[in-house]
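Engineer: The structure that follows is given in the form of C-alpha cells.
The values are calculated or read from the model by the stated rules, or taken from the named source; none is laboratory data. For clarity, every value in this text was computed on a predicted model and none was experimentally measured. Here the Cβ positions follow ideal geometry from the backbone for every residue, glycine too, while neighbour counts run over all protein chains shown. Ligands, DNA and RNA are excluded from the accessible area calculation, which covers all protein heavy atoms including side chains. Shrake-Rupley method; radii C 1.70, N 1.55, O 1.52, S 1.80 Å.
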Amino acid sequence: MTHLPNTISGVGRSLRDDDLALMRHLLDADGYVYLTGITDGFDYLAEVSRLGPLARQYSGALVRDIRPAPDIGNDVYSASNTRELTPHTESYEFEGIPPRYVALWCVRPAEGPGGETTLADGHRFLQQFSADDQDLMRSRVYEWRSSPSLASQGVRISARHPILEPHDDGLVMRYSNQDIVRVDDGLLPRYVDGGRQFFDANKRAIRIERNAALIWDNWRMMHARNGFGDRSRHLRRVLIATQ
Ligand SMILES: [Fe+2]
C-alpha cells in the first residue's frame, strides 16, 4: 500500500482541514483517496460526513458491515460471502440520484491472498464512446435490479434510469455488469461487456488495511472485489449523498 497514489498518511484521530481539502482535491482529480494512519478514537461517521450527508443502506442503517455471513455460501453472487464481485457502481437499483461517495474501512483484513477492493475510472471508459452514443446514454432508459441474492434477505428493488444523468454537481454514471436488464439495442452490450473489459484492463487493486479507509466518487468510479479465503475479513461501509 505504500506505493498507492492518492494516499493521505498520518491521519490520526481526526481529519485536519488541510487533509480534508486534499481529500476533495484527490477525489475531484482522480476519483478516489486512501487514508492511512488512522488512530483510535477516529469517528468515521462524523469525519466522512464532512464530505456530505450520510445516506441509508439497504437495512436502513448508516453503516453496513461487509463480512461473510454464516448462512450465505459461495453458490450465490453476494457481498456477504467470499466470492469475487463484478464491477458496478453503487445503488443503481434505487430511485433518485445514487450516493456521491462510498467509504470503506477495515475492521479486520483478510489473511492470505485476495480481498482487495478494485477500482477503475468509469468516466475514462466513457471516452470510448462517440458523442452520439453518449447522447443515447443520457436519453435511453434501462431497468436496473438489485442482486438476486438480496432477494433471500427480502430485498427486491428495481428502478429505471439512463446510464448517464447530468446533475448540478457533475455527471452521474451508472454501471452494473450483471444487474441491468439486457437488451440488444446496439449500445447496451457494448457498454456492459466493454465496461467489464475496461475494468479488468485498468483496475487498481487496493488492500484496505486496518486503520485505513478508502473513499471513492461513486458517480465516476466502477468498483469490485477480488475473491478471498479468510471468512473473518470484515469491512464497514458508509454511503455519502451529494450535498
Ligand atoms: Fe459495491
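Engineer: Among the numbered conditions (1) without any contact (Cβ under 8 Å) to a residue 60 or more places away in the chain; (2) out of contact with any Phe, Trp or Tyr (no Cβ under 9 Å at 6 or more places or on another chain); (3) surrounded by 13 or more Cβ atoms within 10 Å (Cβ to Cβ), tell me where ASP133 comes up short.
Structural biologist: Unmet for ASP133, out of (1) without any contact (Cβ under 8 Å) to a residue 60 or more places away in the chain; (2) out of contact with any Phe, Trp or Tyr (no Cβ under 9 Å at 6 or more places or on another chain); (3) surrounded by 13 or more Cβ atoms within 10 Å (Cβ to Cβ): (2).
Engineer: Residues that are of a type in the set (A, V, I, L, M), at least 3 per element: which strands (runs of 3 or more DSSP E) completely within the stretch 174-241 meet that?
Structural biologist: Hits in the stretch 174-241: 213-217, 221-225, 234-240.
Engineer: Pairs please, first residue from the stretch 71-100 and without any contact (Cβ under 8 Å) to a residue 40 or more places away in the chain, second anywhere and open to solvent by 50 Å² or more (accessible area, probe 1.4 Å) and more than 15 Å from the ligand (Cβ to nearest atom), Cβ atoms under 7 Å, 6+ apart in sequence or on different chains.
Structural biologist: ASN81/ASN74
Here is a yes/no grid of residues against (1) open to solvent by 60 Å² or more (accessible area, probe 1.4 Å); (2) closer than 21 Å to SER91 by Cβ; (3) under 21 Å from the mean Cα position of the chain (by Cα):
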| residue | (1), (2), (3) |
| --- | --- |
| LEU4 | no, no, yes |
| LEU15 | no, no, no |
| LEU27 | no, yes, yes |
| ASP30 | yes, no, yes |
| THR39 | yes, no, no |
| GLU47 | no, no, yes |
| LEU54 | no, yes, yes |
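Engineer: Oh, and also: Give me a count of the residues in the stretch 99-118 that are surrounded by fewer than 23 Cβ atoms within 10 Å (Cβ to Cβ) and under 18 Å from ALA241 (Cβ atoms).
Structural biologist: 1
Engineer: Pick from the stretch 226-243 the residues that are out of contact with any Pro (no Cβ under 7 Å at 6 or more places or on another chain), of a type in the set (D, E, K, R) and more than 25 Å from GLY170 (Cβ to Cβ): which of them is nearest to the ligand (Cβ to nearest atom)?
Structural biologist: Restricting to residues being out of contact with any Pro (no Cβ under 7 Å at 6 or more places or on another chain), of a type in the set (D, E, K, R) and more than 25 Å from GLY170 (Cβ to Cβ), the top hit is ARG236.
Engineer: Something else now. Given (1) open to solvent by 60 Å² or more (accessible area, probe 1.4 Å); (2) within 16 Å of the ligand (Cβ to nearest atom); (3) under 16 Å from the mean Cα position of the chain (by Cα), where does ASP200 come up short, assuming only one miss?
Structural biologist: (2)
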